[in-house]
Every structure is written in C-alpha cells, then in structure tokens.
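Worksheet: one structure, shown below.
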Ligand code: AQP
C-alpha cells in the first residue's frame, strides 16, 4: 500500500479541543478522567471525500498518535431516515471496508457496529428520561431535517440523545466533530452533568474537537449551496472514495462552476470553483492561493481535468485497498465482531454502574 505519503502530508494540521460547556475547559487531570476519544459515522452510503477530509483522516491521525480511540459505524443513527434494508446492510460492509482502506487499523483502535452493542439503546433510554423536549426541539440539525417533513419520526427528534449515549457509554472525554455537531456535544455534556448531579459523579466532561484550519465542509459538486453528502440522490454531487478514474473525470467535468473562466479563490462569491480548489488544496496540502497561481494559465474547464488527475492519484491507494477488502466480507465481519466484543466489555461496566446508581436493579 502507498498510503503513507498521502497521509503524512496532513499531519501538520492542528485540532483544537474546545470545551463547550464553559469557556475554560476543565483539564482532565483535575477530575481524574482518562482521555478517550469516540466518534461515529453513519452507513448511509459510500463514504465520500468530504467524510474523509472532515472526519476519517483525523481519526487515523489520532489512532496513529497512540490515543485511546473508539470508532463506530452507527447504523442505529442511519435508520432515523428511511433506508432500504438490503442496501443498508451492503452499506455497513462498504463503509467498514472504506474505513479500513483509509487506514483505520482495528489493532490500534476499537472499530465496531453500533447495533452490536445493545447498551447504546439502553443507556439512551435512561438519558431520554433526563432530556427535555424543548431542548431537543431547538437543535439546529433537527430543525433543518424536519422542516420539509409532514410526519416527523420520533427517532429523528431523539437521535441526539442516542449520540450522547454513544459517547457516555465509553466515558469518552473527546469527540472529533464538524461544527454542525457542536450543539449535540453540548447536549451530551448537559446530560452528563444532569446525571452526575442527580445520581453522583459518573461521567467525565466532554470536549468537542474541532479542526482549527482547513475546509470545514466540502460542498456538493452539483449544488455548491449544499454540503457534499452520502445520501444526496445525485451521485455526481460527491466524489466517492472508491470511484473509478473515469467516474471521477466525469464528475469533475460536470461540477457546477460559473461564467468566469479564471481560476480564482472566492469561497463566498464563486462557491463552485472554490470547492474544486479546496479539493486540490486538501489532496496536495498546498494553500488555495498557491493552487490558483499554479493554474493561472488555464481556464476552469481545463482546471476540472487537473482536479480529476489529483483526485485519481490521491484516492488510488484507498480504492485499490477497498477493492481488495470487499472481496472478503467474512474478514470485515470478523473485524467488526472483534471490535464489538471489546466495546461491549467497556460498555457493560458503565451500564452496570448506571443501573446501580439509577436504582434499576435489585439491591443485594
Ligand atoms: N461535506 C463534508 N465536508 C466535510 N466533512 C463532512 N462530513 C460529512 N460531510 C462532510 C463529516 O463526515 C462525518 C460523517 O458523519 P455522518 O456519517 O454521521 O453524517 P453526516 O455528517 O450527515 O455525513 P453525510 O455524508 O452528509 O451523510 P448523510 O447524507 O447520511 O447525512 C462527520 O464527522 C462529518 O462532520
């Protein structure tokens, strides 16, 4: 595999840990909490380059730095919106294979399927009894996703509570997230505080880890007003990590730009062109303005082909490894089963403690 050069380019970026419950984070040492990182990804489709640069590459860095990391394919979250069962099952396999192909190493982290550890759903119920409806109703993701729905599924309303349970079950202290998820981490912090105040200290403070630099959100190639998404019905809106070269060329050619032919970086005024520049910048580690000056001799039409070349080269090792891995579903299953066993042993301890403190167990 030739992944190392691809990944080392990005090691210089910084992550900031922001405590979102107060402006002054409580150092872990003072409360005796062990640093542990938890993050999840929904198997709602093929992982795209936004998922990679926005999440998975950070996961790999953290794992390689020797942090205590737990990553989950969060299938229970994915069913908050309707999924076709056979496709979901296939997506779980593909998503796991994409994570492994991107360098997630199950020997350096715990990688598991959320629904295999039933304690997530159980703790979620206890936390749901502490959460209030007005607080959940104010979360921006809920408002966004439900605005056009006639009948809003309860799961969509309550999934941030499940997300809190995901984190708290492992007493995780740090959660790498995009900025759109900050309020959800704030909810987890709030539920942890509420639980601790009512039942005695159990859960450590939780910090959101947000990237300090770089592009927070890659935009859709077909509608630069939207972010790139796995579940966007138009596959041309995203570059999948495992797209074949000719598919990447086609998608880049079809990417929406504008009527100006120069390659200039204006993320607000020229969102489509800026997204293409962001892609090259993320893949090469060069700042956007350098990408522009190196392409000042060509128009946006030719630039699209250069973008395609960079993407093809960058994604080649991931695609090749993915193609190798998906031929062996039993290996992927065994990786997830092993991860579930390890996750379960941590989750079980927290769940026993929670049951005892809440009183939902027989006293001896
Ligand atoms: N466009 C993006 N740019 C940068 N980062 C992104 N992430 C998602 N889209 C972009 C990051 O990828 C991780 C995946 O999170 P998720 O699967 O739980 O859900 P999501 O954020 O809703 O991702 P998608 O791809 O948009 O999926 P669907 O279509 O199912 O909603 C997160 O860390 C996210 O920040």
> Of 307, 147, 291, which has the largest mean-square fluctuation in a 10 Å C-alpha GNM of the chain?
Replying inline: 147
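Report relative contact order for the chain in percent, whole number only (criteria: Cα-Cα under 8 Å, sequence separation at least 6).
Details: 543 pairs, mean separation 84.2, N = 364.
Normalised by residue count, the contact order of the chain is 23 percent.
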> In nm, to one decimal, how far is the modelled label at residue 226 from the one at residue 132, with both set 7 Å along Cα→Cβ?
Replying inline: 3.5
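Output the peptides 171-177, 355-361 sorted from most to least packed, where packing is the average of other Cβ atoms within 10 Å over each peptide's residues.
Working: 171-177: 22.7, 355-361: 12.7.
Averaged packing, sorted descending, gives the order 171-177, 355-361.
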>> How much length would be gained if the chain were fully extended between residue 193 and residue 234, taking 0.36 nm per residue of separation minus their Cα-Cα distance, in nm to one decimal?
In response: 10.6 nm
>> Could you identify which residue out of 190, 344, 331 has the top mean-square fluctuation in a GNM of the chain using Cα springs shorter than 10 Å?
In response: 331
> Between residue 360 and residue 290, what FRET efficiency comes out of the Förster formula 1/(1 + (r/R0)^6) with R0 = 51 Å and r the beta carbon distance, rounded to 0.05?
Replying inline: 0.30
> Could you put 351, 59, 125 in order, starting from the residue whose Cβ has the fewest other Cβ atoms within 10 Å?
Replying inline: 125, 351, 59
>> Taking R0 as 45 Å, what FRET efficiency do you get between residue 121 and residue 250 from their Cβ-Cβ distance, rounded to the nearest 0.05?
In response: 0.60
> Of the residues 115, 293, 46, which exhibits the maximal mean-square fluctuation in a Gaussian network model of the chain defined by a 10 Å Cα contact cut-off?
Replying inline: 293
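Given Cα pairs under 8 Å that are at least 6 residues apart, what percent is the relative contact order of the range 235-325? Display every interim value, and only then the final one.
Values: 98 pairs, mean separation 32.4, N = 91.
The normalised contact order for the range 235-325 reaches 36 percent.
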> Roughly how many whole Å is it from the C-alpha centroid of the range 305-339 to that of the range 181-206?
Replying inline: 36
> How many angstrom lie between the C-alpha centres of the range 38-89 and the range 234-283?
Replying inline: 23
>> Just to be sure I understand the model, the point goes 7 Å from the Cα along the line to the Cβ. What's the resulting residue 108 to residue 90 distance in nm?
In response: 3.2
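What's the exposure ranking of 79, 70, 158, going from fewest to most Cβ atoms within 10 Å?
Ranked by crowding around the Cβ, least crowded first: 79, 158, 70.
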> On a 0 to 90 degree scale, rounded to 10, what angle separates helix 119-128 from the longest Cα axis of the chain?
Replying inline: 80
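To the nearest 0.05, how large is the calculated FRET efficiency for residue 64 and residue 261 if R₀ is 41 Å and r is the Cβ-Cβ distance? Present the calculation step by step, with values, prior to reporting the outcome.
Working: r = 42 Å, r/R0 = 1.01.
Once rounded, the FRET efficiency stands at 0.50.
If you stretched the chain out fully between residue 201 and residue 305, how much longer would it get, using 0.36 nm times the residue separation minus the C-alpha to C-alpha distance?
On the way: separation 104, 0.36 × 104 = 37.44 nm, distance 5.67 nm.
Difference between extended and current length: 31.8 nm.
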> What distance in nm separates the simple spin-label points at residue 344 and residue 156, each placed 7 Å from Cα in the Cβ direction?
Replying inline: 3.4
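Computed from the coordinates by the stated procedures, all read-outs in this text should not be read as laboratory data. Note that the coordinates shown come from a computational prediction; the quantities given were computed from them, not determined experimentally. When we count neighbours, we look across all protein chains shown, and the Cβ atoms used for this are built from the backbone with ideal geometry, even at glycine.
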